[in-house]
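> Could you have a look at this structure, given as C-alpha cells, before my questions?
The values are calculated or read from the model by the stated rules, or taken from the named source; none is laboratory data. All figures in this text were calculated on a predicted structure; none of them were measured in a lab. No Cβ is skipped: glycine too gets one built from the backbone with ideal geometry, and neighbour counts run over all protein chains shown.
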Amino acid sequence: MPVVKVKNLVKNYGTIEAVKGISFSVNRGEIFGLIGPNGAGKTTTLRIVSTLISITSGSIKIMDHNLQKEPDEIRKIISYLPEDAGAYKNLTGKRYLEFIANFFERNNLQQMIKKGEQIANLGDRINDKVDTYSKGMMRKLLVGRALMIDPKLAILDEPTSGLDVNNAQEIRKLIKNTAKAGTTILLSSHNMLEVEFLCDRIALISDGKIIEEGTPKSLMIKYKAKNVEEVFTKVVR
C-alpha cells in the first residue's frame, strides 16, 4: 500500500484553479519529486498533503488515513519543511530543537534533540542564537528539525535552498540515508541535478496538471535527453 495516495486532487482559490485534478502515489521508502515551474501548483500540493490548506475536491490518503477526516492523525506521522521556513531568532539552535521536540509525546526527547543536532551539524554554533546564523546554517537547523522526529513521511520544499555546494551535498546524502532507513520523502526542487541524484520517481507538473511521470532514467530515455533538466525543458512549456 502506498504511503501517499493522491486521487483527482483539485484546489481552487476563488475562480483560480491552482491544481487541476492530479493523481499520484508515493511508495514506502521512496523519494518522490514533484517538479515544475513557478506557479505550477507544486507548493500548493505539498501544503495540502501537509494538512495546511483544504481540498476543493478529490482525496488524499496517508498511511491509510483520510486527510480530510483524520488530519490530526496525519500530523502525528508527517513532517513539513517549507521553502520559506524560519526559526525563532531569539532562541539558540539547541533551544529551538528542544522547543520543537516538546510538541511530541515521546519518552525519548533527549535522543530526538541529539539527532536534530547531529543532522544540523552546526558544531558549537548550535549554542548560539539563531539570529546570528547565515541562511545556510538556518536551513541546516530546519532540516534537522524536520527529520529528527523520524516521520513516516517527510515533505520537503526546496530542501537545500540557500546552501553552498558542500552543505547541499551533506543534506542530499542525509535525505538519501533517511529514505533508506524507512522514511518516505515527498519533495520539490528547482535544482534538476538534485532531482536526478535524489529521486526514485518524479512527476512533472505544469499549469496545475501532471503531464509526465516516471523514473529519471526512464524519462531521459523516453525524451532522448542527457539529464532531467533537458527532460524538463522538452516537457514543460
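> When the residues of region 171-192 are filtered to those that are within 21 Å of LEU122 (Cβ to Cβ) and surrounded by fewer than 16 Cβ atoms within 10 Å (Cβ to Cβ), which remaining residue is modelled with the highest pLDDT?
Residues of region 171-192 within 21 Å of LEU122 (Cβ to Cβ): 171-178.
Retained after the next criterion (residues that are surrounded by fewer than 16 Cβ atoms within 10 Å (Cβ to Cβ)): 173, 176-177.
Values: LYS173: 89, LYS176: 93, ASN177: 90.
Step by step, filter region 171-192, then rank; the result is LYS176.
> Which is modelled with pLDDT of 95 or more, crowded, with 18+ Cβ neighbours inside 10 Å, of a type in the set (Val, Ile, Thr) and touching a His at 6+ places or on another chain (Cβ under 6 Å), of ILE74, ILE48? Can you show your working first?
Details: ILE48 fails: touching a His at 6+ places or on another chain (Cβ under 6 Å).
It is ILE74.
> Now a separate question. Considering only region 55-64, I want to know if a residue exists there that is part of a helix (DSSP H, G or I), of a type outside the set (Val, Ile, Thr), surrounded by fewer than 19 Cβ atoms within 10 Å (Cβ to Cβ) and at pLDDT below 95.
We begin by selecting, within region 55-64, every residue part of a helix (DSSP H, G or I); these are none.
Among the residues of region 55-64, not one is part of a helix (DSSP H, G or I), of a type outside the set (Val, Ile, Thr), surrounded by fewer than 19 Cβ atoms within 10 Å (Cβ to Cβ) and at pLDDT below 95, which makes the answer no.
> So which residues in region 193-222 are surrounded by 15 or more Cβ atoms within 10 Å (Cβ to Cβ), free of Cβ contacts under 8 Å to residues at least 60 places away in the same chain and outside any strand (DSSP E or B)?
GLU194, GLU196, PHE197, PRO216, LEU219, MET220
> Scan region 21-29 and tell me whether some residue there is over 24 Å from ASP200 (Cβ atoms), part of a loop (DSSP other than H, G, I, E, B) and among the polar types (S, T, N, Q).
Checked region 21-29: no residue is over 24 Å from ASP200 (Cβ atoms), part of a loop (DSSP other than H, G, I, E, B) and among the polar types (S, T, N, Q).
> With the condition kept exactly as written, say whether any residue in region 137-144 is touching a Leu at 6+ places or on another chain (Cβ under 6 Å) and over 18 Å from LEU81 (Cβ atoms).
No, every residue in region 137-144 fails to be touching a Leu at 6+ places or on another chain (Cβ under 6 Å) and over 18 Å from LEU81 (Cβ atoms).
> Just one of ASP131, ASP150, ASP84 is touching a helix residue (DSSP H, G or I) at 6+ places or on another chain (Cβ under 9 Å) and either modelled with pLDDT under 95 or of a type outside the set (A, V, I, L, M) (or both); which is it? Break it down into steps so the answer makes sense when it comes.
Numbers: ASP131 fails: touching a helix residue (DSSP H, G or I) at 6+ places or on another chain (Cβ under 9 Å); ASP84 fails: touching a helix residue (DSSP H, G or I) at 6+ places or on another chain (Cβ under 9 Å).
Of ASP131, ASP150, ASP84, the one residue that is touching a helix residue (DSSP H, G or I) at 6+ places or on another chain (Cβ under 9 Å) and either modelled with pLDDT under 95 or of a type outside the set (A, V, I, L, M) (or both) is ASP150.
> Being under 21 Å from THR43 (Cβ atoms) and of a type in the set (D, E, K, R) is the requirement here; does ARG201 meet it?
On the way: under 21 Å from THR43 (Cβ atoms): yes; of a type in the set (D, E, K, R): yes.
Yes: the conditions hold for ARG201.
> Which of the residues spanning region 65-97 are among the β-branched types (Val, Ile, Thr) and either more than 19 Å from SER189 (Cβ to Cβ) or assigned to a loop (DSSP other than H, G, I, E, B) (or both)?
Initial filter on region 65-97 (among the β-branched types (Val, Ile, Thr)): 74, 77-78, 92.
Matches in region 65-97: ILE74, ILE77, THR92.
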